[in-house]
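Trainee: Submitted below is the structure of interest, expressed as structure tokens.
The values are calculated or read from the model by the stated rules, or taken from the named source; none is laboratory data. Because the structure is predicted, anything quoted here is derived from the model rather than measured. Here Cβ is always computed from backbone atoms with ideal geometry, including for glycine, and neighbour counts include all displayed protein chains. Calculation scope for accessible area: heavy atoms of the full protein, side chains included, ligands and nucleic acids excluded. Shrake-Rupley method; radii C 1.70, N 1.55, O 1.52, S 1.80 Å.
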Amino acid sequence: MTRPDTAPEGGGCQRWFLGCLVVPLCAVLVLALVLFVGKGFREGHLLLNPEVAGNTAWSVEGLPGEVVGGWASDAAVVYATEDGITAVDVGEGAERWRLEPSEAVCAMAQESRGGVGVFLVEGETEPDDVEGEEEVRSCDTALLVDLDSGEEVWRAGPLADAEGARAELLFSRGSGVAHVGDRVLVRAGGELVGLDAASGEESWRRGSLRAEGVACPAADFMDRGEGEVVVVGDCGADESVTVHVVSPVTGEDVSAFAFERGRSGPKVDAVGATSLVAAEPIHVRVDLGHRRGFGSGGYDPEEEAGQARERQPVLAFDDDGRVRNELVVSGLFPVGGGEARPFVVRDGLLYSSTDHSSCSNEVRAHDLETGELVWETALGDPGVSVVGVREGRLLVMLDGVGSFGECHMLGPGWDWQLYALDAATGEAAPVSPPLRARQPRAAELWWVGGGVVQVERGLTDRPHLLVSYR
């Protein structure tokens, strides 16, 4: 006779066996959770009281098209796409105005001035040296816009000379505009044009920029106060580079010099765009086309013959052409057609980030006067971009490691995130947890109004959103 409380043969053993599995499994899960949380706090991904929690304060629909750029203050954000310009109130998220020119917007000044902003829209200039193109559109018509009302104050253009224009310097990547004192300066087709800021009338015009017997088309320019503008001219691979300090009122040189780029390496028939990194002192980013240094017949920072060097250095000059120093700064040029990582210049320091294809990068601060590395801070992230300086802190955007499997094989992947570094010391601290919103480009993110405002790009032809996170 079987007793009622007697288990079938083998049942107790099975329960004992399952219990032996469950207890260790729970212990492993608890340990993994503890390690995950500890790793998150240690690396700054988990925050108890983040400055920017990632909560949406407001969202406003903008315009579609490629984003051209934007300006931000504590009151408003003004940003432009190919389809037009939109101004949004930072506090409430209300659209103040929008301007949709019939032509595509293709460039804008780096800064606004005195309540107005200058933009370039596509004109009708067709350079003579273009063949086989179905459509050639230039970027050489200037607009001055009242930033309170969104109304056009004046427009001028097309400004490029079709006979002397270089096609590759006519489009948005080869055009630029700035408001300097009582002049608006426009660079298009390799020429530099000065316009009266009050009326838009042409005050002066310069074709190729001549220094020491060499004439090169304008490649970039940057103002350094009300009285002077720095302009760099580039004659192309194996040719010279000219640098000019120009009066914005007359367009005439205050000083000028030239230096030889040197002979390019084998099979190099084109070089990257020459650009200005800073105007005081003059810092030029130039693709030399080689790494041979002295002996190449070009720029030589007193190195021994044959010594390898940085192919795309940032060269610092005095106004008379004397070489001050050379900075090895990665990430300021596009690589393989990609977007260049940005840099920030503020209070005599150049802030930049490395672009190593690894799970860690550095943010660096260089002194522009001496060229010395002031500080360097490593951040465990495959993509780090500097955004801007505010109240003594440098805002930095981390790409996250979600798409880089090698960076989180033994741990979780993270979304993109914001960090702040002490601008003087480089000491880093997270500002936000990982953010699940669509990641912007660094130039489309602004630290304003107690939070951040970003362009959230729309898919295909859909409008972009302007979003504020607190």
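Trainee: Please list, in chain and number order, the residues 5+ apart from ALA219 or on another chain whose amide H is under 5 Å from its amide H, with Hs placed from the backbone.
Mentor: Here VAL232, GLY233, ASP234 satisfy the definition.
Trainee: Something else: Using the scaling law 2.2 N^0.38 Å as the reference, what is the normalised Cα Rg of the stretch 165-297? Let's see the in-between values first.
Mentor: Details: Rg = 14.9 Å, N = 133, 2.2 N^0.38 = 14.1 Å.
For the stretch 165-297, the normalised Cα radius of gyration is 1.06.
Trainee: Treat the stretch 340-390 as a sphere of radius equal to its Kirkwood radius over Cα pairs and apply Stokes-Einstein at 25 °C in a medium of 0.890 mPa s; give the translational diffusion coefficient in µm²/s, rounded to a whole number.
Mentor: Details: Rh = 11.3 Å.
In µm²/s, the coefficient is 218.
Trainee: Sorted by mean Cβ packing within 10 Å, highest first, what order do the peptides 282-289, 50-57 take?
Mentor: Working: 282-289: 24.0, 50-57: 15.5.
Sorting 282-289, 50-57 by mean packing, highest first, produces 282-289, 50-57.
Trainee: Where the eigenvalues come from the Cα gyration tensor of the stretch 47-86, what are the semi-axes √(5λ) of the equivalent ellipsoid, largest first, in whole Å?
Mentor: On the way: eigenvalues 140, 29, 18 Å².
Semi-axes from the Cα gyration tensor: 26, 12, 9 Å.
Trainee: On to the next question. For the stretch 408-470, what is the accessible area per residue in Å² when the probe is 1.4 Å? Walk me through the numbers before you get to the answer.
Mentor: Numbers: 2790 Å² over 63 residues.
Accessible surface, normalised per residue, equals 44 Å².
Trainee: Taking all protein chains together and a probe of 1.4 Å, list THR370, THR354, THR460 from the most accessible to the least accessible. Intermediate results must be reported in sequence, preceding the final value.
Mentor: On the way: THR370 70, THR354 0, THR460 130 Å².
The most accessible residue leads, giving THR460, THR370, THR354.
Trainee: Next up: Could you please state how large a percent of the accessible area of the stretch 174-304 is carbon and sulfur, counting protein chains only and using a 1.4 Å probe? Before the final figure, lay out the partial values.
Mentor: Numbers: 2200 of 4920 Å².
Reported share for carbon and sulfur atoms: 45 percent.
Trainee: In square angstrom, rounded to the nearest 10, how much accessible surface does ASP223 have for a 1.4 Å probe?
Mentor: The value for ASP223 is about 50 Å².
Trainee: So for the stretch 348-470, considering every pair of alpha-carbon atoms, how many percent are separated by more than 16 Å? Write down the numbers at each step before the final one.
Mentor: Working: 4726 of 7503 pairs.
Summing the P(r) of the stretch 348-470 above 16 Å gives 63 percent of all pairs.
Trainee: Please list, in order along the stretch 219-235, the HN-Hα scalar couplings obtained from phi with the Karplus expression 6.51 cos²θ - 1.76 cosθ + 1.60 (θ = phi - 60°), rounded to whole Hz, x for Gly and Pro.
Mentor: So the Karplus estimates, Gly and Pro as x, are 10, 6, 8, 7, 7, 10, x, 6, x, 8, 10, 9, 10, 10, x, 9, 8 Hz.
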